[in-house]
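The values are calculated or read from the model by the stated rules, or taken from the named source; none is laboratory data. All of these numbers come straight from a predicted model, not from anything done at the bench. Don't worry about glycine lacking a Cβ; one is built from the backbone with ideal geometry, like all the others, and counts go over all protein chains shown. Remember, those area values only see protein heavy atoms, side chains included, never the ligands or the DNA or RNA. Shrake-Rupley method; radii C 1.70, N 1.55, O 1.52, S 1.80 Å.
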Amino acid sequence: MGGMGRIENPATTFFAKICRLQQHLSAGEHQQDLFQDQPLMFVSPLSQPPCHSLVELIQLCGGSVCRSIRQAGLCIGQYKGKKPEETKCLSEQWILAAVMLGTAPAYLLSWGVWRLLSTVLPARLYHRVDDHIYTVYQSMVLFFFEHYTGVEIVIYGDIPKKKENVVYLSNHQSTADWIIADMLATRQNALGHVRYVLKDGLKWLPLYGWYFSQHGGIYVKRSAKFNEKIMRRKLLSQAELGTPMYLVIFPEGTRYNPEFKGVISDSQAFAAKEGLAVLKHILTPRMKASYVAIQSMKDHLDAVYDITVAYEGTMTAGGQRCAAPSMPEFLCKECPRVHIYFERVDMREIPPEPGFFRRWLHERFEVKDKLMTTFYESDEPGKKCRFPGEGRVSPLSLTKTLPSLLDSMAVDWLGFGYAAAVVLGGFMGYKRKGSLASLIAGLFFGTISAYGAFKVSTDPHDIWTSLAASGALALVMGLRYKNSGKLMPAGIMTGLSLLMVVRLLIF
């Protein structure tokens, strides 16, 4: 590799294009201001990704770049010369991470305010709004993975048009597999219902780890450490609430990678020991999580979706299977086409007894293995790199993802802050004077205000819910202030509510 020039990181170019696209489409209204408040930045000529790519990325995200390190407050990348003592040095990865996670805190803050307000509200109402917040965020993610990349989604089988409560069982070979589940769910308008069974270690993932659990996801440990009671209890509680369910499980427990020979051989040896068919392109499935999920919610579920996924472009020049693309590679357009074999299994076809269920699950994965063998090893050119049967390209409408992209940075912070202040005022009234009416009023108006702030965040022109809440509270608290003359809390809440009304009408 020594004779080759420096290779530009495609991920940097990707995010630069996203920022540029967002600026053009929103005509300045939703421009990225991620680095707007940061000091002048100097990008080292030795940076990797290349200097010009990072400069473009920083500028498109609202930052300012200078040509001399003497003027800079921040130095991005390694710099071997002398620099001012007050200039701080940061890794190039800081820029990339900031851009990748830049919108996540906004959505998680929106959800956090709603979670606080919903603690005394019916759980059904919490899940309904939470599902909507999740849909908005994941729609933006799908814009990147599907519309930006231009990947073709080829589906074999008929996906039901109506929403269903399902367990989604799929083979696992890439971190992008999680996005494939979202791609299918959004085609049924069920994106907000997607919940995952995840490895226990992922609960420590910054920002997302705790949220996935609150959204209905379940963290499980492997083998002997698997806690069936905890998983069953959580699923039963959600089923009793009637929570819409699109539960994603990868029974293999880990990703299949043809380069990991030891993992594959161990899986095959286990199957042979247990008297099960040895699989070639799929790992031997583990049954515990799938069995507990299906049996715990058997009266709540409509079906099981049996999904087989293959990524085109994962064969070497010699015809050997290679590793599936990771998320960054997928985003960098290294996968032109994804093939998805879909089969709906009615609940009545699934055996309830553990031994028979294990056999049933393994037989389903034998079918997957045959499909993958055909995809990678068929001698007939017309059958290679495709699944048997008729495959149909399934384009996703831009209207399902673009609005979320444009509004990703337009969170109504003032609206959420006002909602939190209203709730806090209600709690203070209850704590100081034991006024149940104050508590109920605070929670009621706070919830309505938070929902209004969320609507303004997704559509800056949709002010009517916020306007109604702040206007009504201004009237109620204004009359109370007139009668009592007390600044706390009537006077302050009247002033805050009037400011909210003026802000919504003028700005």
task: Decide, for segment 314-461, between rounded, prolate and oblate: order the square roots of the alpha carbon gyration tensor eigenvalues as a ≥ b ≥ c, take rounded if a/c falls under 1.5, and otherwise choose prolate if a/b is larger than b/c, else oblate.
output: prolate
query: Roughly what would the spin-label model give for Glu363 and Ser265, points 7 Å off Cα along C-beta, in nm?
result: 3.2
- line: So, with points 7 Å from each Cα along the Cβ direction, the Leu46-Asn189 label distance in nm works out to 5.7
- prompt: How many percent of the accessible area of segment 381-507 is carbon or sulfur, using a 1.4 Å probe?
  reply: 70
statement: Expressed in angstrom and ordered largest first, the alpha-carbon extents of segment 424-507 along the principal axes are 39, 21, 13
query: Nearest 0.05, what FRET efficiency do Met327 and Asn227 give at R0 = 35 Å with Cβ-Cβ as r?
result: 0.75
query: Which residue, chosen from Pro354, Tyr376, Tyr341, occupies the Cα position most advanced towards the positive end of the dipole of segment 324-380, where the dipole is computed from +1 (Lys, Arg) and -1 (Asp, Glu) charges on Cβ about the Cα centre?
result: Pro354
query: Is the shape of segment 267-335 rounded, prolate or oblate, going by the alpha carbon gyration tensor and its root eigenvalues a ≥ b ≥ c, with a/c under 1.5 for rounded and a/b larger than b/c for prolate?
result: oblate
query: Once the Cβ-Cβ distance between Glu334 and Leu424 is put in as r, and R0 is 35 Å, what FRET efficiency do you end up with, to the nearest 0.05?
result: 0.10
Where Trp464, Trp360 fall by accessible area, highest first, once all protein chains stay in place (1.4 Å): Trp464, Trp360
Aspartates and glutamates with Cα under 17 Å of Lys225, excluding same-chain neighbours fewer than 8 positions away: Asp200, Glu252
query: trypsin sites (Lys or Arg not before Pro), restricted to segment 385-489: which are DSSP loop and have at most 16 other Cβ atoms within 10 Å?
result: Lys486
field: Segments 492-499, 255-262 sorted - mean Cβ within 10 Å per residue, highest first
entry: 492-499, 255-262
field: In sequence order, calculated HN-Hα J values of segment 135-146 (Karplus, 6.51, -1.76, 1.60; Hz; x Gly/Pro)
entry: 4, 4, 5, 5, 5, 5, 4, 5, 4, 4, 6, 10
- prompt: Between Lys203 and Arg344, what length in nm is gained on full extension when 0.36 nm per residue of separation is reduced by their alpha carbon distance?
  reply: 47.7 nm
- request: May I ask you to compute the full-extension gain from Lys370 to Ile506, defined as 0.36 nm times their residue separation minus their alpha-carbon distance, rounded to one decimal in nm?
  value: 42.6 nm
- request: Describe numerically, in nm with one decimal, the distance between label points set 7 Å from Cα along Cα→Cβ at Ser68 and at Ser484.
  value: 6.1
query: Can you give the net charge of the other residues whose Cβ lies under 9 Å from the Cβ of Pro160, counting K and R as +1 and D and E as -1?
result: +1
- prompt: Any idea what % of Cα-Cα pairs in segment 154-306 are farther than 22 Å?
  reply: 44
query: Suppose R0 equals 41 Å; then what is the FRET efficiency for Glu86 and Trp210 from their Cβ-Cβ distance, rounded to the nearest 0.05?
result: 0.65
